[in-house]
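> One structure follows; several queries about it will come next.
We did not get these values from a lab; they are worked out from the coordinates using the rules stated. Since the model is a prediction, treat every value here as computed from it, not as a measurement. Here the Cβ is made from the backbone with ideal geometry for all residues, glycine too, and neighbour counts use every protein chain on show.
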Amino acid sequence: MDYINITMEELNNIKENNNVIIIDVRSPLEYEENKLEKSINIPLYELKSVESKVKDKNATIIVYCSSGQRSKKAAERLKTMGYNEVYNLIDGINN
């Protein structure tokens with residue numbers, strides 16, 4: 001099963017209905033400048049460390065970046081790592 005692309009509106013609906021983990025895959029500097037509420041920062045280049053922070057492979061995970069390109073890669077990697085419910089914010093935080 002693949003990850004699911006979502007919009008900001010869909011993200012807000014998912015956040016209201018579920019206990020989700022929101023991962024910002026941008027650099028720490030980008031994260032500090034602007035971030036989604038309750039998100040954690042795991043840069044794309046450090047994504048392999050996600051397993052120490054998100055142990056539940058059935059957790060609802062939403063990934064985002066600036067434009068949706070890095071988060072697309074992150075979603076693909078998370079799926080190959082065995083995470084089952086992965087969402088990608090397609091428009092990114094800047095849109």
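> Looking at region 1-16, which of its residues are of a type in the set (Ser, Thr, Tyr) and either loosely packed, with under 12 Cβ neighbours inside 10 Å or under 14 Å from Thr60 (Cα atoms) (or both)?
Tyr3
> Which of (1) under 9 Å from the mean Cα position of the chain (by Cα); (2) more than 12 Å from Val20 (Cβ to Cβ) is the odd one out, the single condition Tyr45 does not satisfy?
For Tyr45, the exception is condition (1).
> I need the full set of residues from region 33-50 which are of a type in the set (A, V, I, L, M, F, W, C) and touching a residue at least 40 places away in the same chain (Cβ under 8 Å), in order please.
Leu36
> For region 17-40, give me each residue that is buried (at least 16 other Cβ atoms within 10 Å of the Cβ), not aliphatic (A, V, I, L, M) and not in a loop (DSSP other than H, G, I, E, B).
Asp24, Glu30, Tyr31, Ser39
> To continue, here is another question. Among the residues that make up region 63-71, is at least one of them free of Cβ contacts under 8 Å to residues at least 24 places away in the same chain and either in contact with a His (Cβ under 7 Å, 6 or more places away or on another chain) or not in a strand (DSSP E or B) (or both)?
Yes - at least one qualifying residue is present in region 63-71.
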